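The values are calculated or read from the model by the stated rules, or taken from the named source; none is laboratory data. Because the structure is predicted, anything quoted here is derived from the model rather than measured. Note that we place each Cβ from the backbone using ideal geometry, even for glycine, and neighbour counts take in every protein chain shown.
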Amino acid sequence: MAPQKKGEDKAMGKVAIYPGSFDPITYGHLDIVERALEIFDKVIVAIADNAEKRPLFSIEERLQMAKIIFKDTPNVIVDSFKGLLVDYVAKTNAKVILRGLRATSDFEYEFHMASMNRSLNTHLDTLFMMTSKDYFFVSSRTIKEVAKLGGGVEGLVPDLVVRRLKEKFKLPVTKKKQIGWDD
Ligand code: ADP
């Protein structure tokens, strides 16, 4: 009998790790997770605890938001990790790193990271899923930029994230200026 490979543990099924900053989590991320669950039995959303990236949301805030968002999705585990991704993956029974690709501009960075991770752990593969047409322009960075300036990001991030962004940027509740016959 062939030896059982990591990530093929019968009890766990096929497991993928979806690592990222998720600062904050967007519908683009959720779309990737949803589609990955068609392929994998379990997806671990692994939030990178990397203070050097100077995230808007603390690791605790990002973890809490993701846990609430996935609370009714039992096949998704939300976790955080520090340090090298390959070291974190080694502690799980996952064999696949899941990443999303939006534009060709994502490709070079992702290609280098996937190649580096593969050289650090030859058993590890990175699977890329193409963004969906509804979210190809959605990135955590642009969401933060738009939200900071008071732009609406509803429909691009879950409602909980919309609220947390407003709290974070201490946005005033804007009242529409009424311009009409009574002015
Ligand atoms: P990182 O800081 O590691 O790039 P992100 O949280 O920005 O992490 O993204 C995590 C992963 O999700 C990356 O592979 C990224 O390309 C992918 N991703 C982010 N937004 C989208 C989107 N709108 N569509 C598809 N993939 C996405």
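Results for (1) closer than 25 Å to VAL162 by Cα; (2) in contact with a Gly (Cβ under 9 Å, 6 or more places away or on another chain); (3) within 14 Å of the ligand (Cβ to nearest atom), shown as yes or no for each residue.
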position	(1), (2), (3)
ALA36	yes, no, yes
ILE39	no, no, no
ILE47	yes, yes, yes
ASP79	yes, no, no
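Quick check on PHE22: is it assigned to a loop (DSSP other than H, G, I, E, B), more than 13 Å from the ligand (Cβ to nearest atom) and closer than 22 Å to ALA114 by Cβ?
Working: assigned to a loop (DSSP other than H, G, I, E, B): yes; more than 13 Å from the ligand (Cβ to nearest atom): no; closer than 22 Å to ALA114 by Cβ: yes.
So PHE22 does not fit the description; no.
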For segment 37-57, which residues satisfy the criterion of being among the small types (Gly, Ala, Ser) and either in contact with a His (Cβ under 7 Å, 6 or more places away or on another chain) or more than 22 Å from ASP87 (Cα to Cα) (or both)?
-> none
Test ASP134 against the stated conditions and say whether it is more than 13 Å from the ligand (Cβ to nearest atom) and among the acidic types (Asp, Glu).
-> no
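In segment 89-104, what residues are of a type outside the set (A, V, I, L, M, F, W, C) and either under 20 Å from SER140 (Cα atoms) or at pLDDT 90 or above (or both)? It would help to see each step written out before you state the result.
So in segment 89-104, the residues of a type outside the set (A, V, I, L, M, F, W, C) come out as 91-93, 95, 99-100, 102, 104.
Selection gives LYS91, THR92, ARG99, GLY100, ARG102, THR104.
If you take the residues of segment 10-59 that are among the small types (Gly, Ala, Ser) and modelled with pLDDT of 95 or more, which of them is surrounded by the fewest Cβ atoms within 10 Å (Cβ to Cβ)?
Our first condition is that a residue be among the small types (Gly, Ala, Ser); within segment 10-59, this holds for 11, 13, 16, 20-21, 28, 36, 46, 48, 51, 58.
Now narrow it down to the ones that are modelled with pLDDT of 95 or more: 16, 20-21, 28, 36, 46, 48, 58.
On the way: ALA16: 26, GLY20: 17, SER21: 18, GLY28: 21, ALA36: 21, ALA46: 23, ALA48: 19, SER58: 12.
Once the filter is applied, the top-ranked residue is SER58.
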The lone condition GLY7 fails out of (1) at pLDDT below 95; (2) surrounded by fewer than 19 Cβ atoms within 10 Å (Cβ to Cβ) is (2)
LYS71 is checked against (1) under 30 Å from GLU167 (Cβ atoms); (2) surrounded by 13 or more Cβ atoms within 10 Å (Cβ to Cβ) and fails just one. What number does that condition carry?
-> (2)
